[in-house]
Amino acid sequence: MKRLLPAYPIWVIDPMFSVWSPSETLNGGDTIFWTGKIRKTYGLVRYDGKTYTFMGQLPGTDALKQEDVSVSAYATDYVFSCEKFVLRVSFVSPLTPKNLEVLSCPVCYTEYEIIPNNGIMAQDLSVALVLDEGYCYEEADRVTGGVIPMNGYEAAYFSRRRNLVMSNANDCVAPDWGDIYIAGGEAWYIPSSALDRFVQSGVAEYIHINNERHYIMAVEKSAKGYFMTAFDDRIAIFYFGDWLKDYFFKDGRTVLDALDFSRQKHDAILCDLAAFDKEFKKDCDAIGKDYYLLACAAYRQSIGAHKLVENKKGEILFLSKECNSNGCIGTADVSYPSIPLFLLYNPELVKGMLRGIFEFARMPVWKFDFAPHDIGTYPYCCGQVYGINRSQDKYNCGNTAGWGDGMLTHPMLYQRPAACDIYDFNYQMPVEECGNMIIMTAAACVASKEYAIAEENFDLLEKWVVYLEKYGLKPENQLCTDDFAGHLANNINLAIKAIVGIESFGILCEKTGRGDAEKYYALAADYAKRLKEMAGDGVMPLAYGQKGTYSLKYNMLFDKLFGFNLFENSLCEQEVAYYIEQNNRYGVPLDTRADYTKSDWILWCTCLTADPQKAETLYAPIVTYLSESPTHLPFSDWYGTQDGKCVHFFNRTVQGGILAPILKKSEILKIK
């Protein structure tokens, strides 16, 4: 059986509930949270007097043999066998960007079917899913729970006894709050002794013992059926003073309503998911060999690392967590690489990424004439936490315990007056974030054919394009999103982003009837010409004057997608040919300085060539990485091209950029 992924998505809801299997076989080890920390789950089949395990490892059971595993956009499917039956199990996360109600409903399905080898089903038959109490907390604590009778089924739940809602804003953490549910024909909240008895006899019963480990369990007694797993975070997001519930709960619905909704709509939801996946696979197959697997590896991860809520104006906010990076919320340079997926399937979600940055940029505490980096640390939109001034003075003394120091929650920075001077300019990303925000705004508006968000924020966009005009062609020594090997002045890829940002502002001027579109089109063309002259002949170096170097020039993508071609086809083909020459086993390095890479940017670069075979040659090593990486965690976007080890960054939304080739083929952004 061929390994497909470093870790397999099981139940993916949002950054606070995301369960994966890191093992070659589902019953070969424990499931984990996206952070890599163990969250034990057991899948059991009671058949003809014996208890078998298909998920996790539980004493007293026989492990079923795993015959197959496959992934689709929404599901991870397994096949198991023993001498008496075959078991099919499908873990479904209904993360469909086209239907916001389903997208935000915090419920996943586990579908199963038992097929007897002799054609005769045993009378003694039951299937169970069991969740360990570790689901309830980051650090061990006592839990409480119970069972709720529903309409034709039951739901068991548990949570931390002292439910510390919104108490932890660190990066790689499971929630210390909220309630976890498992639902089926029967449900139980039981201690370990009762679980042992169920394994031995197949009989579930309630036993109240305080000092044992506790579990929730759902049981079905038919040969075919499904379970539901749900997470109620109670409060989802703190947004500049407003406590926001999950979008599904915004009108007063509860998690029990979510379970009923998912049960009533079960068949229709699965039908819609199957139809989407069929079309998705068709689009992927048109790109090249194994691209569907690569796209599926990115799909659930990228969507599920966001949270969908609605602000008090009734506008959607689609807020990412910067997973395994620093935990920031709504980071502009994390949203930017992710948007190909969302531009394809619901550009309104891209607008939901932009609104928080626009709102924070208008607050007095943000004094700069360039765009912010982030709006807080998930789940707190409390003001940018990146690049905080660490000076030891009367007004900044409390800032020294800010981002990066293990804060559980951050101070309400958005409330501060400008005089506080909170942010250190040396740790900002001026050109990077201005370019990101303008390009994303233009792309979302063109894809949706609706420009209200640009019109409402035209003053900010205009201020940011002026910054790009002043500083974009020859960026100063400053931070950018690819500074893993150090800061760099005269960064050519960053200058390309500035030029495409100026071009994008021209689009917004033309489409809204505001500003001087021709001025910015001409300026972008002039800057592109000057950049190529300064870069010199041959492959463009990492920075002006650094002959013999290179970097992935992924920022040329949106120039291609919009159809301007300021960076002509011959130049792009030359770049791609050179990248192919630099390919290692697991991909082409990000630039000359190290052998690690960023998988999302490689897929952006595949769009720079018109030759499908060259594009496949660029992305094929990433498929190899998926099956061979020694790091058994969700799809990392920053890893070594020689050893396949994750350097940092996993479970990040940026992998939505893997869908760039489909976006290119769709031509939905082409205006020239």
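Residues being polar (S, T, N, Q), assigned to a strand (DSSP E or B) and either surrounded by fewer than 23 Cβ atoms within 10 Å (Cβ to Cβ) or in contact with a Gly (Cβ under 6 Å, 6 or more places away or on another chain) (or both): count how many of those fall in segment 61-85.
The first filter runs over segment 61-85 and keeps only residues polar (S, T, N, Q), leaving 61, 66, 70, 72, 76, 81.
Checking which are assigned to a strand (DSSP E or B) leaves us with 66, 70, 76, 81.
Okay, now just the ones that are also either surrounded by fewer than 23 Cβ atoms within 10 Å (Cβ to Cβ) or in contact with a Gly (Cβ under 6 Å, 6 or more places away or on another chain) (or both), so 66, 70, 81.
Number of matching residues: 3.
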Residues of segment 15-60 being surrounded by fewer than 21 Cβ atoms within 10 Å (Cβ to Cβ), within 29 Å of residue 122 (Cα to Cα) and among the polar types (S, T, N, Q), which ones?
-> 25, 51, 57
Those residues that are part of a loop (DSSP other than H, G, I, E, B), among the acidic types (Asp, Glu) and either surrounded by 20 or more Cβ atoms within 10 Å (Cβ to Cβ) or touching a residue at least 40 places away in the same chain (Cβ under 8 Å) (or both), I need them from segment 141-178; list them, please.
-> 171, 176
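I'd like to check something: does segment 474-496 contain any residue that is charged (D, E, K, R), assigned to a helix (DSSP H, G or I) and surrounded by fewer than 15 Cβ atoms within 10 Å (Cβ to Cβ)?
Step one: list which residues in segment 474-496 are charged (D, E, K, R), which gives 474, 476, 482-483.
From what's left, assigned to a helix (DSSP H, G or I): 483.
Of the ones still in play, those that are also surrounded by fewer than 15 Cβ atoms within 10 Å (Cβ to Cβ) are 483.
Checking segment 474-496: at least one residue is charged (D, E, K, R), assigned to a helix (DSSP H, G or I) and surrounded by fewer than 15 Cβ atoms within 10 Å (Cβ to Cβ).
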Those residues of segment 510-546 which are over 29 Å from residue 594 (Cβ atoms), in a loop (DSSP other than H, G, I, E, B) and among the small types (Gly, Ala, Ser), in sequence order = 513, 515
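Restricting the search to segment 179-195, which residues are hydrophobic (A, V, I, L, M, F, W, C) and part of a strand (DSSP E or B)? It would help to see each step written out before you state the result.
Of all residues in segment 179-195, those hydrophobic (A, V, I, L, M, F, W, C) come to 180, 182-183, 187-188, 190, 194-195.
Once the filter is applied, which keeps residues that are hydrophobic (A, V, I, L, M, F, W, C) and part of a strand (DSSP E or B), segment 179-195 yields 180, 182, 183, 187, 188, 190.
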Hand me the list of helices (runs of 4 or more DSSP H) wholly inside segment 196-308 holding 1 or more residues that are open to solvent by 40 Å² or more (accessible area, probe 1.4 Å) and closer than 22 Å to residue 144 by Cβ.
-> 255-264
List pairs: first in segment 499-522 and within 15 Å of residue 455 (Cβ to Cβ), second hydroxyl-bearing (Ser, Thr, Tyr) and assigned to a loop (DSSP other than H, G, I, E, B), Cβ under 9 Å, 6+ apart or cross-chain?
-> 508/451; 511/451; 512/451
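Taking segment 310-347 on its own, how many of its residues are over 19 Å from residue 168 (Cα atoms), of a type in the set (Val, Ile, Thr) and either more than 13 Å from the chain's Cα centre (by Cα) or assigned to a strand (DSSP E or B) (or both)? Break it down stepwise before answering.
Here is the first cut: in segment 310-347, the ones over 19 Å from residue 168 (Cα atoms) are 310-318, 332-347.
The next check asks that each one be of a type in the set (Val, Ile, Thr); those that pass are 316, 334, 339.
Going one step further and asking which of them are either more than 13 Å from the chain's Cα centre (by Cα) or assigned to a strand (DSSP E or B) (or both), we end up with 316.
Result for segment 310-347: 1.
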Go through segment 547-570 and count every residue that is more than 26 Å from residue 485 (Cα to Cα), touching a residue at least 24 places away in the same chain (Cβ under 8 Å) and assigned to a helix (DSSP H, G or I).
-> 5
Pick from segment 126-140 the residues that are hydrophobic (A, V, I, L, M, F, W, C) and open to solvent by less than 40 Å² (accessible area, probe 1.4 Å): which of them is farthest from residue 224 (Cα to Cα)?
-> 136
Which of (1) closer than 30 Å to residue 197 by Cβ; (2) without any contact (Cβ under 8 Å) to a residue 24 or more places away in the chain does residue 77 not meet, given it meets every other one?
-> (1)
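Restrict the check to segment 396-403 and report whether at least one residue is among the aliphatic types (A, V, I, L, M), at pLDDT below 90 and outside any loop (DSSP other than H, G, I, E, B).
Going residue by residue through segment 396-403, those that are among the aliphatic types (A, V, I, L, M) are 401.
Still in the list and also at pLDDT below 90: 401.
Now restrict to residues that are outside any loop (DSSP other than H, G, I, E, B): 401.
Looking for residues that are among the aliphatic types (A, V, I, L, M), at pLDDT below 90 and outside any loop (DSSP other than H, G, I, E, B), one finds at least one in segment 396-403, hence yes.
Restricting attention to segment 453-461, does a residue exist that is under 26 Å from the mean Cα position of the chain (by Cα) and at pLDDT 95 or above?
Here is the first cut: in segment 453-461, the residues under 26 Å from the mean Cα position of the chain (by Cα) are 453-454.
If we keep only those that are at pLDDT 95 or above too, we end up with 453-454.
Checking segment 453-461: at least one residue is under 26 Å from the mean Cα position of the chain (by Cα) and at pLDDT 95 or above.
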Spot the failing condition for residue 147; the list is (1) touching a Lys or Arg at 6+ places or on another chain (Cβ under 9 Å); (2) more than 30 Å from residue 380 (Cβ to Cβ), and only one is missed.
-> (1)
When every residue in segment 404-428 that is touching a Cys at 6+ places or on another chain (Cβ under 6 Å) and not in a helix (DSSP H, G or I) is compared, the one modelled with the highest pLDDT is 412
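Yes or no, residue by residue, for (1) under 17 Å from residue 419 (Cα atoms); (2) open to solvent by 10 Å² or more (accessible area, probe 1.4 Å):
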{"position": "318", "(1), (2)": "no, no"}
{"position": "342", "(1), (2)": "no, no"}
{"position": "347", "(1), (2)": "no, yes"}
{"position": "359", "(1), (2)": "no, yes"}
{"position": "366", "(1), (2)": "yes, yes"}
{"position": "380", "(1), (2)": "no, yes"}
{"position": "394", "(1), (2)": "yes, yes"}
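The values are calculated or read from the model by the stated rules, or taken from the named source; none is laboratory data. Keep in mind that this is a model prediction, so the values were computed, not measured. All Cβ positions, glycine included, derive from the backbone under ideal geometry; neighbour counts span all protein chains shown. Heavy atoms of the whole protein, side chains included, go into the accessibility calculation; ligands, DNA and RNA do not. Shrake-Rupley method; radii C 1.70, N 1.55, O 1.52, S 1.80 Å.
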